[in-house]
Amino acid sequence: MRASEQIDAIQTLSVDSFKFLVVPRVLACVIALPLLTLCMDFSGLFGGFLSEELSSHIAADTLHRPRLRLFDVVQFRSSTLKTTVFGFIIGSVSSYFGYTTNKGSLGVGEAATKSVVVSSLLIIIADVLLIKCIYFLFPDTAI
């Protein structure tokens with residue numbers, strides 16, 4: 001939007017372009033990534049139950065009762081916390097590079113490439129730090 005002067009037009013209308021463009025994108029990433037993670041976690045559990053049911057032909061009650069006793073929502077806390085942080089990193093870095101791009105469509109391509117590279121590196125670093133914090137804060141449930 002910087003390349004086509006749309007951000008300048010928004011600022012001319014006395015609208016804070018940061019609040020209008022960046023904040024919703026970062027909030028969307030922070031909210032959507034944990035929801036997607038939980039959806040995929042439960043899809044994986046359901047798929048595992050379904051495949052075991054179809055392959056072993058054991059009664060569902062006999063098969064799933066011991067597993068459901070071990071199942072605890074606390075086990076999903078660490079992955080959801082991590083994806084919340086990852087969503088903030090992705091949203092912030094992508095918005096920064098998109099907000100400050102110039103040089104037309106070539107600059108947009110460069111900004112997208114830089115955004116992916118920087119986000120990936122920051123996510124790897126944040127993952128290491130978050131794993132250390134999770135082991136410290138939740139030693140019995142950390143995976």
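Below are the figures for this structure:
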quantity: Hz values of 3J(HN,Hα) by residue in segment 92-105 - Karplus curve (6.51, -1.76, 1.60), Gly and Pro given as x; calculated: 5, 5, 5, 5, 4, 5, x, 6, 9, 6, 8, 6, x, 5
quantity: Using alpha-carbon coordinates, inclination of helix 60-70 to the longest axis of the chain, degrees; calculated: 60 degrees
quantity: Linear extension gain, Leu38 paired with Ile124, 0.36 nm per residue minus alpha-carbon span; calculated: 28.9 nm
quantity: Mean residue ellipticity (222 nm) of the chain, computed from DSSP H runs ≥ 4 via -39,500 (n - 2.57), nearest 500; calculated: -26500 deg cm²/dmol
quantity: Accessible area expressed per residue, the chain, with surrounding protein chains retained (probe 1.4 Å, Å²); calculated: 68 Å²
quantity: Segment 23-60 and segment 100-143: distance between their alpha carbon centers, rounded to Å; calculated: 23 Å
quantity: Residue with peak Gaussian network fluctuation, the chain [Cα springs, cutoff 10 Å], from Leu122, Leu54, Leu130; calculated: Leu54
quantity: Computed lengthening from Val117 to Phe20, 0.36 nm per intervening residue step minus Cα-Cα distance; calculated: 32.4 nm
quantity: Under 22 Å from Lys132, Cα to Cα: lysines that are on another chain or at least 8 residues apart; calculated: Lys82
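The values are calculated or read from the model by the stated rules, or taken from the named source; none is laboratory data. Nothing here was measured: the structure is a model prediction, and the numbers come from that model. Ligands, DNA and RNA are stripped out before the accessible areas are found, and what is left, the full protein with its side chains, is counted by its heavy atoms. Shrake-Rupley method; radii C 1.70, N 1.55, O 1.52, S 1.80 Å.
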